[in-house]
Amino acid sequence: MSHHYIRYTNVHYSYPSGQEALKGVDLLIKHGEKVALLGLNGAGKSTLLLLTNGLLLPTEGEVNVGDVPVSKKTAPMVRRAVGMVFQNPDDQLFMPTVWDDVAFGPRNMQLPPSEVERRVEVALRSVGAWDLRDRAPSDLSGGQKRAVAIATVLSMEPNILVMDEPSSNLDSRTREQLMAIVNDFHHTVVIATHDLEMALELCPRSVIMKDGRIIADGLTERLLRDQELLELAGLSLTPALAEYVEK
C-alpha cells in the first residue's frame, strides 16, 4: 500500500436505525500528518474513524487509504496498515492475559515467535504496561486497560494510527507516555478527542465537525483562537488553554 494518506470523498453514512451520521464529508489527510478531529459527541468523529479501516463502509461516497479504496474485499489489507484504538478499551481486550491480547495481531500476521515476543515487549514497555503482561485484562483499571489497548495496536506496527478519545481515563503519567508515543510516531495520525490541550500539543492541524459535517479545517492554534467557531461547535477551552492561545 503506497503513500499512507487518507482521502474521504463525499462520504455519507447512515446507521440501520436511520441516523445519518455523516453528510458529505470531503477530507484529505496527507502522509505524515497528525490531525485532530474535534467536536461534540454525535458530531461524526467516531463514525469517520470506523470508516477508515473498513469496520463500517460508506452509505455513499468513497474512502481511500493510499491507493486502495476501502471495501469489504480490501478491508483485511487496509487493517494491516491502519491501526485503530477504540474509545472503549474493552472492545479490544478479549484474551486471557494482557500478553496474549498484545500478541494476537502479530500472531495473526503469522510472524515468527521471536518477532511476536519482540513486538509485544516493545509495545507494552512503550505504554508502561510491561509489568501487567501476565494479568487478566478484566482485572485492570480503566487507565491500565486504555494503555494495553494502545499496545495491541502498536504491536501491529501500523503505518496509520487512528485513535478515538485515547486520553480518556488516563492518569497524568500514562497520558504523558501516550503523548510521547504519538509524538514519536512518524507516519499518519488521526485523533478524535475532546482533549483540546492534546490536540494543540500533538496535532498541527485540526478538523472540527458538527452534525456529520466538517465546519472548519486548519491550523489547530488558529482554530482554537476563534471563539465564535468554538461556540458554534460546542467546544470550550480550559482557563489555562484559553490563556495560552490568547498570547
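Here the simple spin-label model places points 7 Å from the Cα toward Cβ, and for GLU115 and ALA180 these points are separated by 2.7 nm. Of the trypsin sites (Lys or Arg not before Pro) found in the stretch 54-103, those that fall in a DSSP loop while having at most 16 other beta-carbon atoms within 10 Å are LYS72, LYS73.
According to the square roots a ≥ b ≥ c of the eigenvalues of the Cα gyration tensor, what is the shape class of the stretch 1-91, taking rounded for a/c under 1.5, prolate for a/b larger than b/c otherwise, and oblate for the remainder? Rounded, since a/c falls under 1.5. Charging the Cβ of each Asp and Glu at -1 and of each Lys and Arg at +1, and nothing else, the dipole of the chain about its Cα centre rounds to 560 debye. Of all aspartates and glutamates in the structure, those lying under 19 Å Cα to Cα from LYS23, and not within fewer than 8 positions of it along the same chain, are GLU60, GLU62, ASP211, ASP217. In summary, the lysines within cross-link reach of LYS145, defined as a Cα separation below 26 angstrom excluding same-chain residues under 8 places away, comprise LYS34, LYS45. Enter the angle in degrees (range 0 to 90, nearest 10) between the Cα long axis of helix 172-184 and the first principal axis of the Cα atoms of the chain, meaning the one along which they spread out most. The angle comes out near 80 degrees. Here the dipole of the stretch 158-229 is about 160 debye; that uses its Cα centre as origin and unit charges on the Cβ of Lys and Arg (positive) and Asp and Glu (negative). Its alpha carbons give the stretch 38-90 an Rg and a Dmax of 11.6, 32 Å.
The stretch 75-90 and the stretch 1-42 have Cα centres separated by 15 Å. Overall shape: oblate for the chain, with the ratio a/c of the largest to smallest alpha carbon gyration tensor axis at 1.5 or above and b/c at least equal to a/b.
Computed from the coordinates by the stated procedures, all read-outs in this text should not be read as laboratory data. In this text, all values refer to a predicted model and were calculated from it rather than measured experimentally. FYI the Cβ positions are ideal-geometry reconstructions off the backbone, even for glycines, and counts take in every protein chain you see.
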